[in-house]
Amino acid sequence: MNVLVYEQLNFIDPLSCVKQAVPWQAGMKLHDLVPERIDVPCGLDVICSVNGHEVTDFEAELYRVKPNDAVLFRVVPRGGGGGGGKNPLKMIAMVAVAIVAAYTGQWYAAGLLKAGTIAASSAAVVAGVTTAVVGMAGTMLVNAVLPPDKPTQAGASDVTEDSPTYAWRAANPSKNGSPVAIVQGDCNNVLPFKLSQYISTDGNKQFINALYGVGEGELELSNFCIKGMPVAQYSDVTIEHTSGTALQAPLKGFQDGVFERAVSMKLTHSEWTYFDGEGDAIQAAGFGISCPSGLYYANDNGSFGTTQVQIAIERAPHGTTNWQRLATHTISAAQRTAVRKFWRFDLPKSRHAYRAKLAVQPPSDATRYVNDVWWEYVQEIVPDDFRHPYTACFALKGLATDQFSGSFDSYRITCNAKRMTAQLPDGSGDLVERSLTNPAWMALELATNPRFGAGLPESRVIVDEFAAAAEWCDSLGISSNMYWDTQTDLASAWDELGRFGRFRVIPRGTRYGVISDRPVLLPDQSFIAADSNSLLGSTSIDYLPVKERAEAVEVTWFDPEKGRQILRRHSPHFHQLKTRLPSIAKITLAACNSFESAWRYAGYRLNCNRFITRTIKRTMSVDAASVQPGHVVQAVVRDWNWGESARVHSGSATQITLTQPVTLKKNTPYSLQVKHGSVQNSNGQERIDMADIMPVVEDTVTNKLVLTEFLSAIPQVGSVATVGKANDALHLFRVSSIRRTSKNKVEITGIEYAKEVYADSGDLPVVDGDAGNIGARNLTCSVQAVDEDGLHKKLVHLSWQGNAITWRIFVRKVGAGITPWQLYGTTRNTQITLRGIEDKNFYRIAVSHTDNPADGAVTEVLYDPDVMGTGTIRPLRVIKDDQSGFEPLMYETESGEVLQLMEVF
């Protein structure tokens with residue numbers, strides 16, 4: 001086993017590195033490896049690094065060298081040379097730049113980066129370094145190691161104080177005619193509509209300002225996110241919002257209407273740059289000007305001197321040449337980072353044209369002066385207090401940083417919106433609060449709301465039928481939410497809600513009611529439809545196709561956290577026919593937000609396929625006029641052998657004479673059903689009587705029937721009667737439509753009614769393990785040894801199980817240097833390697849499927865690569881001597897925090 005020792009004695013030449021493998025010995029210390037030939041002159045020093053980590057003198061005395069360690073001894077300048085005179089070492093370095101220029105790209109560029117961030121590729125770093133090195137490459141690269149002399153003239157700046165430049169790209173997203181969204185229930189991660197955006201400038205800092213319309217108010221807004229991460233995780237980003245009241249105040253920064261368009265033209269002194277405005281009532285204009293490469297003069301000593309440019313801005317009424325000077329502004333600076341200015345001018349209300357140029361020709365020596373000026377954008381402004389009444393809005397303001405800049409349209413902005421109840425009519429002229437998580441009440445709101453719905457008065461809706469559908473939804477546990485952000489008609493919206501809620505909104509004359517597909521009580525809720533009250537030959541029975549019926553149902557639904565989900569439920573006879581592929585029906589339930597509801601709905605549709613086979617169509621006399629769509633009717637047709645029907649010619653409570661004969665088989669029990677047109681039950685429906693017929697000893701064809709029990713009322717002449725075998729169930733149909741025909745006849749269409757359809761719940765599927773839980777579980781932490789960027793590193797690696805789409809990793813220091821939770825990053829994988837965390841700290845790490853660390857799995861680790869081995873981190877236990885097998889976990893308290901002791905195994 002060896003130790004790799006590197007000696008870099010000439011810091012000016014990064015290639016002069018001597019390496020050797022030294023045999024490892026137990027108890028070996030770092031001073032045992034110090035090269036004997038190091039001769040350090042005044043002004044230089046020696047540093048020691050182990051596995052890429054610089055160690056102090058104190059740490060070097062304590063550290064015990066391990067097999068395969070990589071130890072670097074390197075000579076570096078001490079404190080910039082010291083003294084008040086000339087720096088000979090620096091002078092040598094300036095000369096040496098010409099010699100090592102071919103090699104400086106990667107090595108010196110690494111010196112410009114902060115510790116822990118040397119992750120850029122060599123090619124990228126070289127490209128970044130060589131972009132602006134013309135005329136001053138030597139000074140810039142050497143200054144990464146040796147700080148330059150302090151500038152002597154006012155206004156000069158130090159290159160080491162420069163920072164990267166971040167900016168926003170001008171754009172205007174406004175689109176006319178976009179609908180205002182409607183929120184019903186609790187909607188998560190909605191994509192609001194961007195009403196407007198513009199760029200503002202504070203000194204050289206550039207901010208994006210965006211206004212979003214979430215929906216018709218009043219709404220509760222929360223959980224504002226950028227690319228799935230909470231806004232709080234972004235520096236210098238703020239959110240203000242309104243709830244959507246009638247008199248809400250304008251949001252800060254959006255009191256005016258701002259229409260921003262990009263110009264992106266370089267200004268010159270010789271020619272004007274023109275730009276045509278678009279608004280006809282513009283009362284102010286703003287101009288964004290920038291020097292993107294900075295504005296400075298390069299001094300001989302490598303410092304920056306002040307230089308300036310002058311910009312002339314003019315406007316004219318659109319279509320004319322009556323140019324008027326708005327201003328001539330001067331920009332002075334001595335900096336390499338971008339210089340930005342914004343000027344606003346009040347204008348007469350009109351449509352305008354604009355132009356700009358450099359008022360004075362700036363110095364053109366490109367080796368000394370950097371003074372390019374660009375016209376970035378124009379803002380046309382209509383001053384007014386835009387309150388956006390009845391619309392819940394939020395305004396986002398964000399500083400351009402390395403984390404948040406560039407094209408704002410590339411950032412996905414989301415939030416949560418909630419409106420849980422609404423005041424709806426109760427059927428008696430009053431309003432009552434109803435839940436907007438019930439699809440039936442959601443449908444009623446769309447029918448009656450005067451702002452975004454149909455605005456129907458209470459007299460035009462049958463509230464009791466909506467209430468019955470809502471009660472059925474509640475009994476099934478159906479809960480919903482909808483974010484209506486696409487323009488649609490009322491019928492389509494009703495269909496979307498009714499598909500999930502198992503109801504249909506239908507017109508009933510001039511009013512609107514609801515058919516709710518639910519079990520009914522029979523026969524009180526039914527109506528006899530027989531040959532005797534139907535037009536001769538008008539009855540038709542159709543059988544629904546069964547050959548291609550779906551053997552499984554695939555339901556697409558939408559989880560509040562995970563978004564779009566798909567489940568498939570199989571019938572008991574799935575794919576029993578092996579000669580063809582199974583038939584699968586695909587259904588999308590936009591209003592469904594839970595697995596349980598989607599599963600039960602799939603069972604309901606499978607039952608429909610299994611038990612519903614027949615449809616009926618009849619042209620009925622006026623006797624059928626009282627039936628309505630959604631009612632369940634009993635149907636008897638002689639040809640079906642279900643029974644025979646006729647009308648009452650005369651009769652009493654025990655004897656009935658029919659208008660036509662019926663056939664009675666000997667020794668066979670028969671029953672009579674009669675509909676009393678003039679007698680009603682307590683629920684207001686026509687009464688239907690049923691009584692047994694006296695058996696006959698011979699096969700008989702007769703129209704005179706003797707009953708074994710009394711009817712509840714004497715049937716009137718012309719009443720409908722049906723004769724069938726006792727205890728035989730008459731076939732039932734639910735009326736789906738009624739159409740008027742000639743001569744006051746109506747055509748009734750129905751579909752078979754089967755109570756088995758409504759036993760749809762079944763047992764929820766049993767999945768392996770805890771797959772139904774989307775949270776993180778079985779979180780494992782380990783230490784892995786990797787070789788990256790020429791360095792040997794020990795990194796913390798996390799792995800876990802769970803079913804979320806996106807995982808959020810939170811980190812906080814515990815113990816003496818305690819910090820609050822901070823978002824480390826996100827991943828779609830169930831593993832991640834942590835990079836860039838400070839060593840020699842005790843960390844608590846959480847993996848969560850939400851924005852709250854408390855919802856996730858948590859582990860702890862003391863991250864110290866110098867002493868850590870590799871392997872899995874597990875809790876440290878105490879081995880008991882009593883052989884009880886009990887191994888309690890070990891804990892300690894540090895700065896008031898209870899910490900679990902962990903060890904690498």
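Taken together, Val65, Val34, Val97 contain a single residue that is modelled with pLDDT of 75 or more and open to solvent by less than 50 Å² (accessible area, probe 1.4 Å), which is Val65. If you filter the range 812-838 down to residues that are out of contact with any Ser or Thr (no Cβ under 8 Å at 6 or more places or on another chain) and in a loop (DSSP other than H, G, I, E, B), you find that the one that is modelled with the highest pLDDT is Asn829. If you go through the range 610-644 and keep only what is more than 19 Å from Gly677 (Cβ to Cβ), modelled with pLDDT of 60 or more and part of a loop (DSSP other than H, G, I, E, B), you end up with Ile612, Thr613, Pro629, Gly630, Gly643. Looking only at residues in the range 245-268 that are part of a strand (DSSP E or B) and basic (Lys, Arg), which one is most open to solvent (accessible area, probe 1.4 Å)? Only one residue tops the list, namely Lys266.
For Gln308, only one of the following conditions fails: (1) closer than 13 Å to Asp372 by Cα; (2) surrounded by 19 or more Cβ atoms within 10 Å (Cβ to Cβ). What is its number? Condition (2) is where Gln308 drops out. Of all residues in the range 592-619, none that is at positive phi has its Cβ atom under 9 Å from the Cβ atom of a residue that is modelled with pLDDT under 85 and polar (S, T, N, Q), 6 or more apart or on another chain. Checked against (1) exposed (fewer than 12 other Cβ atoms within 10 Å of the Cβ); (2) at pLDDT 70 or above, Leu15 passes all but a single condition, namely (2).
The sole residue among Ser742, Ser712 that is more than 30 Å from Pro572 (Cβ to Cβ), assigned by the TED database to the domain that holds Leu664 and at pLDDT below 80 is Ser742. Looking across the range 542-561, just one residue is surrounded by 15 or more Cβ atoms within 10 Å (Cβ to Cβ) and modelled with pLDDT under 80, and that is Arg549.
Taking residues in the range 701-712 that are open to solvent by 50 Å² or more (accessible area, probe 1.4 Å), and partners anywhere that are of a type in the set (Gly, Ala, Ser), the pairs with Cβ atoms closer than 6 Å and at least 6 places apart or on different chains are Glu709/Ala691; Phe710/Ala653. Screening the range 317-436 for strands (runs of 3 or more DSSP E) wholly inside it with 3 or more residues that are closer than 17 Å to Gly277 by Cβ and open to solvent by less than 10 Å² (accessible area, probe 1.4 Å) returns the ranges 352-358, 374-382. Looking only at the range 573-598, residues that are assigned to a strand (DSSP E or B) and of a type in the set (S, T, N, Q) come to 1 in all.
Give me a count of the residues in the range 543-572 that are in a strand (DSSP E or B) and acidic (Asp, Glu). So the answer is 2.
Just name the residue that is modelled with the lowest pLDDT out of those in the range 269-282 that are open to solvent by less than 60 Å² (accessible area, probe 1.4 Å) and of a type outside the set (A, V, I, L, M, F, W, C). Only one residue tops the list, namely Gly279.
The values are calculated or read from the model by the stated rules, or taken from the named source; none is laboratory data. On a predicted model such as this, the values are computed, not experimentally measured, just so you know. Cβ sites come from the backbone with ideal geometry, for glycine too, and all protein chains shown count toward neighbours. For the accessible areas, the whole protein counts, side chains as well, though only heavy atoms, and no ligand, DNA or RNA atoms are used. Shrake-Rupley method; radii C 1.70, N 1.55, O 1.52, S 1.80 Å.
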